[in-house]
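Data block below; observations after.
Here, each number is a calculation from the coordinates, and none is a lab measurement. This structure is a prediction, so every number in the text was calculated from the model and none was measured. Don't worry about glycine lacking a Cβ; one is built from the backbone with ideal geometry, like all the others, and counts go over all protein chains shown.
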Amino acid sequence: MKRLLFVGLVVISFVFVGAGSAFAASVLDEIMAAGVIKVSTDANYAPQSFLNAKGELEGFDISVAKEVGKRLGVKVEFVTPDWDLITAGKWGKRWDISIGSMTPTKERMQALHFTIPYYSTPAQFAVHKNNTTFKDVKDLAGKRIGVGTETTYDRFLNNDLVLPGVKINYLDWKAKKVTTYPTDANAIEDLSLGDGVRLDAILTAKPTIYEASKSGCGKGCPIKMLGEPVFYEHLSVALDKSRANSESLLKKLNEILDSMYKDGTLVDLSMQFYGTNLIPKL
C-alpha cells in the first residue's frame, strides 16, 4: 500500500511538472514583466551601429531597436557580443533579440527565428583608394580579400551561401586568401593601411563602405567601391530558437515592423542614415 501511494505521488508530481512547463510564461510575457528588452548588436558597424562621441550607441539598427522598444512599451538595453556567438543561437537569455543587420540564411534558420525583413542591402567589393590596377571585380582573382567572420560575405566567397528565395550567382574565380575578422570594420581598417599592405580588397555591405569612406578612420577611410554589387540580401530581427515559448514575441515583432512599414518610419530612418531608401516592398 505504501509503495502504491509512493508511485501515485511520483505520477502526480510529473503531471504538475508537465503542467508547469505547458503554462510557462512566454518570452513576450517575460519581457513585458521585466519592462526591458535586451538587444544584441555590433558596436563597430557604422552606419548600422556605432559608438558616437559621447560613447553612446547610434545608427540605423539602434534607431530601429529603440522604436521597437517604444512600440512594445519597454526600455531597450543593448549588449555587444561577438557576431559568431549571435549567429550560433543558444543565447541562454543573455539577450532577447538581435537587431544587427542579420541575413536569414538556411544555416542560421536552424538555430534562430527570423522576422519579416526590415531593410535590404547590396554586397559590395572595395579596394584601396590609391589602387589603379583593379578595374573590375574579376581582377580580384588570386588576390587577398577580407571579410567579417561568419558573415554572408564570408559564405559567398566560399560558395556556400544559401539565402531562401534569393538566387546567388557565384564568382567564376577564387581569391588567393580570404581573411576573416571579428567585424567588417576590422577588415576595412586593414585595407586602409595601404594598397596591398595586408589586403587587396574587402567585401561588405555597400552602405558600410560608403560610411567608412566618408567618416571612418578619423577623416574618411582611403577606400573606394569596385564594380557592381554581387548579391542583395534582406535583413531581419533574430530570436533564439532554443528559448521556449518565443512564438508570441516573434508574432508581436512582425506586427511592430509591419506598422513601421505602413507609417513610413523605416523609410525615414533609411533616408536618415543611408541617404537612400533601402526598405523592400513586402
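When only alpha carbons are used to place a centre, the stretch 29-43 and the stretch 161-196 end up 32 Å from one another. Put a plus charge on the Cβ of each Lys and Arg, a minus charge on the Cβ of each Asp and Glu, and nothing anywhere else: the dipole of the chain about its Cα centre is then about 480 debye. So what is log10(I(q)/I(0)) for the chain at q = 0.13, 0.14, 0.15, 0.17 1/Å, when the Debye sum runs over its Cα atoms only? Treating every Cα as an identical point scatterer, log10 I(q)/I(0) equals -0.88, -1.00, -1.13, -1.38. Under a 5 Å amide H to amide H cut-off, with H placed in plane at 1.01 Å, what residues pair with MET102 once short-range neighbours are removed? Correct list: SER236.
How much mean residue ellipticity at 222 nm does the chain get from its helices, if each DSSP H run of length 4 or more adds -39500 (n - 2.57) and you divide by all residues, to the nearest 500 deg cm²/dmol?
Numbers: 9 runs with 99 residues, N = 282.
Value at 222 nm, helices only, nearest 500: -10500 deg cm²/dmol.
About its Cα centre, the dipole of the stretch 121-233 is roughly 280 debye, where the only charges are +1 on Lys and Arg Cβ and -1 on Asp and Glu Cβ.
Annotation: amide H of THR179 within the under-5 Å range of ILE145, GLY146, VAL147, sequence separation 5 or more or interchain, hydrogens built in the peptide plane. Which helices, counted as full DSSP H runs in the chain, have an axial Cα extent of no less than 20 Å and a Kyte-Doolittle average of 1.0 or above? Taking the DSSP H segments of the chain (at least 20 Å long, mean hydropathy at least 1.0), we get 2-22. With the biggest extent put first, the Cα atoms of the stretch 224-282 measure 45, 28, 19 Å across the principal axes. Computed over the alpha-carbon pairs of the stretch 121-233, the distance histogram in 5 Å steps reads 2, 13, 25, 28, 20, 9, 3, 1 percent, short to long.
Within the stretch 47-166, the proportion of C-alpha pairs whose separation exceeds 23 Å stands at 44%.
With equal scatterers on the alpha carbons only and no solvent term, can you work out the Debye log10 of I(q)/I(0) for the stretch 194-250 at 0.14 1/Å? Log10 of I(q)/I(0), two decimals: -0.60.
Taking amide H positions as modeled 1.01 Å from N, with prolines and chain starts lacking one, the residues under 5 Å from VAL36 and 5 or more places away or on another chain are LYS75.
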